[in-house]
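Quick notes on the structure that follows.
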Amino acid sequence: MPRVLRVGDFLFHIWPNDHPPAHVHIYVGGTMIVVELGSGPDFVTLRRASRGTKIPEVRRAVALTAEHWQALHDAWRRTHG
């Protein structure tokens, strides 16, 4: 199952047929934000956000990714080896 985490309206997905580097697709309010996991919670970075994504949502998505980095990183490794 691709959904690995839900925090409020933020749905975090890791797709099994996706490519490195490790990243999550975050869906919120009909938009998508892609955040790279980096080598630790201090190194998460925004890759892209779909048109219409509000800046506060982008900031929150990046912050949530850092906050839940270990669980997301573990889910990426389970999915992609």
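The values are calculated or read from the model by the stated rules, or taken from the named source; none is laboratory data. The shown structure was predicted, so the numbers you read here are calculated from the model rather than taken from an experiment. So basically every Cβ, Gly included, is an ideal-geometry build from the backbone, and we count neighbours across all protein chains shown.
Could you check, for the range 16-27, whether at least one of its residues is at pLDDT 95 or above and among the polar types (S, T, N, Q)?
no
Kindly indicate whether residue 47 is surrounded by fewer than 16 Cβ atoms within 10 Å (Cβ to Cβ) and either among the aliphatic types (A, V, I, L, M) or touching a His at 6+ places or on another chain (Cβ under 7 Å) (or both).
Yes, satisfied.
Given the conditions (1) surrounded by fewer than 17 Cβ atoms within 10 Å (Cβ to Cβ); (2) without any contact (Cβ under 8 Å) to a residue 24 or more places away in the chain; (3) at negative phi; (4) touching a strand residue (DSSP E or B) at 6+ places or on another chain (Cβ under 7 Å), which single one is not true for residue 63?
With respect to (1) surrounded by fewer than 17 Cβ atoms within 10 Å (Cβ to Cβ); (2) without any contact (Cβ under 8 Å) to a residue 24 or more places away in the chain; (3) at negative phi; (4) touching a strand residue (DSSP E or B) at 6+ places or on another chain (Cβ under 7 Å), residue 63 is out only on (4).
If I filter the range 1-41 down to residues being more than 12 Å from residue 62 (Cα to Cα) and in contact with a Pro (Cβ under 8 Å, 6 or more places away or on another chain), which single residue comes out as surrounded by the fewest Cβ atoms within 10 Å (Cβ to Cβ)?
Looking at residues that are more than 12 Å from residue 62 (Cα to Cα) and in contact with a Pro (Cβ under 8 Å, 6 or more places away or on another chain), I get 16.
Tell me yes or no: at least one residue of the range 51-60 is at positive phi and modelled with pLDDT of 95 or more.
yes
Give the number of residues within the range 6-20 that are out of contact with any Lys or Arg (no Cβ under 9 Å at 6 or more places or on another chain) and closer than 25 Å to residue 81 by Cβ.
Within the range 6-20, residues that are out of contact with any Lys or Arg (no Cβ under 9 Å at 6 or more places or on another chain) and closer than 25 Å to residue 81 by Cβ number 7.
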